[in-house]
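For reference, the structure is listed below as structure tokens.
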């Protein structure tokens, strides 16, 4: 299908796309700010807020005591206070909210509190939490066969540790909520969120309301990436609490530093692994412990760990496994969803292991990858029991290997290195396989509404949220295709809990799969009515009515779409419809960690070539080639945008983006001045992206595949190219100890690790 | 036109605006969004690091309209006085069609969430205007450098860079300069801007005499130049800034001149202009020029401000010290010159006396036999703060080191010369043996600390390794080219 620009592109570039802070403020709007904990773990012994209350412009100051309902914004476990109630569990935890006439006044006042604490021991690392066996949810374990015994009798064994850092979302639009009281104890909520229904539910628990009293509306986010799935709730609740107490509209827009201090991030993981393999590098058994930094509360740490467990295999058949996951409770921000949701963190461990095997056997890591790929007819059942029936990794990798000229360039890197004393080049090809669907079966449902107005214009509303990923564009395209009309006749409207109820989060890459199908279902119902009507008018079979090029053809009679719509209206045909979709054939047993959690898999691979400075650890990405499986794309330009964007974002996670906490437990990288996401010069000058020619094996919308998260695994090739460059210092026979993020310092440490070892 | 000395006059998207009774520390961003309803300009970080608030400022320089991108979030409203401000809303003002910059962004799928987009559009528009009446267009590298202050979390930048190339292929829409020039020409003050507000007072003297008189009378006042640091005091620290003396209107502080083999850069000269002039004499500063903060920050910030601020991680001080730069200090009727390293007495402390301000930074021009390099280490190429910043300047005569000046940032409480290392080098032949002794000496020169940018060990280690790099590049036999020592060497990278 012809690529259509993002439905808001013309608004984005003109500065006319409205985000929540751009909505004209209602007279009397109050601005909120939060007072934050200075301590990582402490009991509050006294709290003097009089100076806050007396500060200019302040209307009121609220604490946990002022919450009429439940003081919780945790989505699964109810362990996430909106405002700390006597106990603070991380530096940055909100303790009180101040409401003032202006944004500036609220922020200035919030600094005036006098709070005394009785400090408690703080746990600052996942290692320490694991040592203390302190977890936010019980440990998980997935086993197949007797991995221990098989490793012990394998021809070769290796084991070790790996540490992979977390990641701040850094959505450009910070967290924001604007809550307006309406009549009869109702609330109209504008919240930058990926999960309007959850905001509605949590707000009801906060204020003792029923869901029909709360309308959450969300036109667009300035980026989400998982950071506005559960994490938007706290801010939504604080705004609503103020609106409830003051009876006035309340906006809470976070300053960037506060946002980063308060909100959860991608989980960092530490790994302890051990594998057995044969002379060809074929893994017979793997044992791994994954320990994540959950932060102080559960949030989404359990499903993140589940997905990590289910992606430890990546594209490889692991015959016998023992995979354990632990969500370490730490006195830090409560970590949350972030594009990939544990999948990248699971998969990078096996890639690291395979990279090690290759050097131990003096082979090209790509050879070892291929030896271990899932088979098509055999060796094709995942450790969690799902059969892989749509495997294209062999042909996809072969195609990329050829198109990127991998073998020749690998040789050229080696030659370069023999003649270059300081700078060393490295190259790597890494594959990915990523499971699509929510692991929790019941989330895999969606609803939509399609309205056709009498002028032939079409409005579609669905349960998904637009955060830049092009969901609204794709859904409009699906509806347009179903009705045989140009996409310019279709408009997508804001997600709104009063239109489509009981929505799932726009997450797990499922936005288009679920909402596209639901919208297609709605459009198809109308189309069926229109076909019946046209057949009645013009004769012929309703099934033979053709919808295309803005025209409906029945029994050889062509009618322009708007004309037929008006005629149908006059004939009292219902021109709007709901639609619904539930992903079929999913099941999951969380106790045994087996089932069919994923409807299908997406695949991809990348080749990256880097140059590393062995004196400083600085590096630069010279070239990247991406080949990704988006099935039959609904919008190839949007998909390529997702792929390239995910690649650069994932590269940031693995290289320049480092989260640091100081001795007091304070996050010291809490602003873009200290936390470095990729910038323009990090985009490689040679950057080739192509879509793999494929159709979804399953009956997805237009046989497309989800594309939001899978490409976040593509930049593994950057990390392993850096490792390859470092390994050149020891003739590629020693495995460098490289931690992610591979900052210049981490790279220099890796260089030391091969120098010392050799 | 009579310009009232108590109000701010500027052009907003071509239309005259007079502002009264606003706090002098109000940001341009807040004014645009809250007072003018111009919501196209976004707040992403409020510290000049993300570029979502990028706007373009125009001012008359020798009768011509000079336009530059700046961050509206850390720009105080009164600093707009006498200038032209352009926001994203200006671009489709004429016929409501998208400007070529905007159309190219749509065509190349350069926006996803769209929040950074207006700022990116303004940076591209600035580049567009620079080239729109020439036959050439900027290459990919120049565009990437120009976007160094615009973070995008969605696209990965590739389609944005493509848009920057494609925007020149669409029907042209050049900036109509003359009406702006004519309007700005009307803004001639006969008295200096002087604002009184319950929050703060703001004085913008126009002569050195006026400035030093004010400064003598109000030695505790905040001296404001580009505001790229002071803006953060307000936005991030909620620190009251109540008494401001603004240097930006003092014409004499804006001059750059070469005199007696010295480059004199006025304290009010922007970092963009200062580096451009310094690079003419020292091409070795080219990479530092690109990596010092970002384009909008360099357009706002001044070299004088960087020096006066005296941060231990400021990127100008090491190379200035290595080159033997001096600062000219001006008081009321007084003037003295100080070696730069004598200015700093401790962490963010200096030896300036009450009432003194920096008048200019004086940089010696290259001499025969000089080998000068400066290096920066950080996690990211663009717009990052150095973990370590190094500068080396040896003067060699017949292979013997006749002068050694080496300075580092990020290694101590101030930018500081490497005394022991320098001593070990003076009078020696520039060879491996000397290097070895210099490495040892350098290892004892500093006791760096660990922070979020790097550990003490990394700093200590790379400080010595950068000396090694410098040696490899400047040794007498078989010196290595930049493309053999730096991953960021431009010669190989252009594609």
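Below are the figures for this structure:
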quantity: Selection count where residues are buried (at least 19 other Cβ atoms within 10 Å of the Cβ) and touching a helix residue (DSSP H, G or I) at 6+ places or on another chain (Cβ under 6 Å), scope the stretch B:271-285; calculated: 6
quantity: Which listed residue, of A:328, A:346, A:340, is in contact (Cβ under 8 Å) with a residue 24 or more places away in the chain and in a loop (DSSP other than H, G, I, E, B); calculated: A:340
quantity: Which numbered condition residue B:174 misses (of (1) away from chain A (no Cβ under 14 Å); (2) in a helix (DSSP H, G or I)); calculated: (2)
quantity: Search result, residues across the stretch B:415-451 that are surrounded by fewer than 19 Cβ atoms within 10 Å (Cβ to Cβ), within 14 Å of chain A (Cβ to nearest Cβ) and closer than 24 Å to residue A:660 by Cα; calculated: B:449, B:450, B:451
quantity: Filtered residue count, the stretch B:237-259, keeping only those that are touching a helix residue (DSSP H, G or I) at 6+ places or on another chain (Cβ under 8 Å) and over 13 Å from residue B:205 (Cβ atoms); calculated: 4
quantity: In the stretch A:685-717, the residues that are assigned to a loop (DSSP other than H, G, I, E, B) and within 22 Å of residue A:172 (Cα to Cα); calculated: A:707, A:708, A:709, A:715
quantity: The stretch A:135-148, subset touching a helix residue (DSSP H, G or I) at 6+ places or on another chain (Cβ under 8 Å) and outside any strand (DSSP E or B), residue farthest from the other protein chains (Cβ to nearest Cβ); calculated: A:137
quantity: Flag if residue A:631 is at the interface with another protein chain (Cβ under 8 Å from one of its Cβ atoms), touching a helix residue (DSSP H, G or I) at 6+ places or on another chain (Cβ under 7 Å) and touching a residue at least 12 places away in the same chain (Cβ under 8 Å); calculated: no
quantity: Residues of the stretch A:518-534 satisfying the condition of being more than 17 Å from residue A:566 (Cα to Cα) and surrounded by fewer than 24 Cβ atoms within 10 Å (Cβ to Cβ); calculated: A:520, A:521, A:524, A:525
quantity: Search result, residues across the stretch A:1-12 that are more than 9 Å from every other protein chain (Cβ to nearest Cβ) and surrounded by fewer than 17 Cβ atoms within 10 Å (Cβ to Cβ); calculated: A:1, A:2
quantity: Any strands (runs of 3 or more DSSP E) falling wholly within the stretch B:177-269 and containing at least 2 residues that are assigned by TED's automatic domain parsing to the domain that holds residue B:306 and without any contact (Cβ under 8 Å) to a residue 60 or more places away in the chain; calculated: B:256-259
quantity: Check on residue A:52, in contact with a strand residue (DSSP E or B) (Cβ under 9 Å, 6 or more places away or on another chain), more than 30 Å from residue A:8 (Cβ to Cβ) and within 14 Å of another protein chain (Cβ to nearest Cβ); calculated: yes
quantity: Residue A:151 vs. criteria assigned to a strand (DSSP E or B), surrounded by 15 or more Cβ atoms within 10 Å (Cβ to Cβ) and more than 33 Å from the chain's Cα centre (by Cα); calculated: no
quantity: Flag for residue A:95 being surrounded by 22 or more Cβ atoms within 10 Å (Cβ to Cβ), out of contact with any helix residue (DSSP H, G or I) (no Cβ under 6 Å at 6 or more places or on another chain) and in contact (Cβ under 8 Å) with a residue 40 or more places away in the chain; calculated: yes
quantity: Number of the exception - residue A:15 against (1) crowded, with 18+ Cβ neighbours inside 10 Å; (2) in contact (Cβ under 8 Å) with a residue 12 or more places away in the chain; (3) outside any strand (DSSP E or B); calculated: (2)
quantity: Residue match in the stretch B:155-164 (condition: in a loop (DSSP other than H, G, I, E, B) and modelled with pLDDT under 95); calculated: no
quantity: Single condition residue B:479 does not satisfy, out of (1) part of a loop (DSSP other than H, G, I, E, B); (2) within 30 Å of residue A:670 (Cα to Cα); calculated: (2)
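Quick grid of which residues meet (1) within 20 Å of residue B:301 (Cβ to Cβ); (2) assigned to a helix (DSSP H, G or I); (3) touching a residue at least 12 places away in the same chain (Cβ under 8 Å); (4) within 9 Å of chain A (Cβ to nearest Cβ):
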site: B:11; (1), (2), (3), (4): no, no, yes, no
site: B:37; (1), (2), (3), (4): no, no, no, yes
site: B:60; (1), (2), (3), (4): no, no, yes, no
site: B:82; (1), (2), (3), (4): yes, no, yes, no
site: B:93; (1), (2), (3), (4): no, no, yes, no
site: B:96; (1), (2), (3), (4): no, no, no, no
site: B:103; (1), (2), (3), (4): no, yes, yes, yes
site: B:112; (1), (2), (3), (4): no, no, yes, yes
site: B:118; (1), (2), (3), (4): no, yes, yes, yes
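The values are calculated or read from the model by the stated rules, or taken from the named source; none is laboratory data. Note that the coordinates shown come from a computational prediction; the quantities given were computed from them, not determined experimentally. Neighbour counts are summed over all protein chains in view; Cβ atoms, including those assigned to glycine, are modelled from backbone coordinates with ideal geometry.
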